[in-house]
Amino acid sequence: MKNCFSLARLAQELGADLRLAPDSDSSQEIRGLNTLQDAGAEHLAFLASPNYRRFLKTTKAAAVLVSEEFAEECPVTALCVADPYLAFARATALFDTTPEAPAGIHPAAVVHPNADIGDGASVGPGAVVEAYAKLDPGAIVGANCFVGEGSFIGAETRLYAGVVIHHGCSIGARSIIHSQTVIGADGFGFAPNKDGWVKIHQLGGVQIGEDVEIGANTCVDRGALGDTVIGRGVKIDNLVQIAHNVQIGDYTAIAGCAVIAGSAVIGKHCLLGGCSRINGHITIADGCQVTGNTFVTKSIKHTGSYSGALSFADSSVWRRNAVRFGQLDQMARRLKDMEKQVQELSQKNGNSD
């Protein structure tokens, strides 16, 4: 059953100043969230960006989360807050419909007798929990998950269906790992010899802090020597590759398809855009923003926003530019020669005067 809240209760929960429309009252029930454009008479909408201001006048929502700046323009009940987007985020928790996991071990799960399963923890059907693994109280291991020997799952952490946590890995409390993500697989380490490659066994683990969320189909490799470390409050999107011995600072966010090569160190409160690529063995300072598709090849020592991707263009223009890109070195040499000739002529003319 979906959650339902009165306007008065919502205002209390969100710390909002409730300003009722003439035809509304504080007991009116709200049954869900929606955009300004699509909201109906039982919805709460929000205006977080001036780009959507034009939809405010025609919204059919019962109420709207707005800042003080736009409160007077709101034709329906307004819930005034300092940050409408943050208030919207908090409201989503109130209307969350994710099914609760039943406490206990499902009969179809396989749990080793030496595993430590805390009070109220949930182990779903088909899940495997190996020896000496520990689940703190309230931890949820979904259907067909694997928790390897000696691993630790913190209190109220949730592993969605199909997550793999290899041996010797640790995940802090209140974290969320989405389906098909693999934590603690071997890093990519091989030593060449005349006959091919000799595997470098990965002897470390993975340490993931509290309040971390990792999207689906992401891989966090175990360390070769020492651990791969994901800090507190880090948010990682789907389809991200994090190689062995990477360290990611607290509260950094990484968008989909990013790749971080081995032993890179990412600072705290950084933002890495989609498809960004971080070279191995480099360091990125705290608070840096790396825009999508940027390839970072050397350390970034100062906080700032960094970009390195060419923007798209009409295909015919792009092809011509691609040809010219290959000629840049030749053009630079010609320009240098021309500058030298101009300097020589200038000096010659100066001497003749």
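The values are calculated or read from the model by the stated rules, or taken from the named source; none is laboratory data. Model, not experiment: these values are computed from the prediction. Neighbour counts run over all protein chains shown; Cβ positions are idealised from the backbone, glycine included.
Asp186 meets each of the listed conditions (1) surrounded by fewer than 17 Cβ atoms within 10 Å (Cβ to Cβ); (2) among the charged types (D, E, K, R); (3) under 24 Å from Lys235 (Cβ atoms) apart from (3). Looking only at residues in the stretch 79-105 that are surrounded by 13 or more Cβ atoms within 10 Å (Cβ to Cβ) and part of a loop (DSSP other than H, G, I, E, B), the one that is nearest to the chain's Cα centre (by Cα) is Phe95.
Of the listed requirements (1) over 19 Å from Phe146 (Cβ atoms); (2) modelled with pLDDT of 95 or more, Asp195 misses just one: (2). Within the stretch 117-149, being within 24 Å of Leu225 (Cβ to Cβ) and surrounded by fewer than 18 Cβ atoms within 10 Å (Cβ to Cβ) holds for Tyr132, Glu149. Output the residue which, of all residues in the stretch 240-278 that are in contact (Cβ under 8 Å) with a residue 24 or more places away in the chain and more than 15 Å from Ile183 (Cβ to Cβ), is nearest to the chain's Cα centre (by Cα). Filtering first and then ranking leaves Ala255. For the stretch 232-244, the set of residues classified as touching a strand residue (DSSP E or B) at 6+ places or on another chain (Cβ under 8 Å), surrounded by fewer than 24 Cβ atoms within 10 Å (Cβ to Cβ) and not hydrophobic (A, V, I, L, M, F, W, C) consists of Lys235, Asp237, Gln241, listed by residue number. When the stretch 106-132 is filtered for residues that are assigned to a strand (DSSP E or B) and either touching a residue at least 24 places away in the same chain (Cβ under 8 Å) or within 19 Å of Glu149 (Cβ to Cβ) (or both), the ones remaining, listed by number, are Val110, Val111, Asp116, Ile117, Val123, Val128, Val129. Tell me, which residue of the stretch 215-229 that is part of a strand (DSSP E or B) and more than 17 Å from Ser276 (Cβ to Cβ) is farthest from the chain's Cα centre (by Cα)? Result: Thr228.
Among the residues that make up the stretch 18-37, is at least one of them at pLDDT 95 or above, over 21 Å from Arg53 (Cα atoms) and in a helix (DSSP H, G or I)? No: zero hits.
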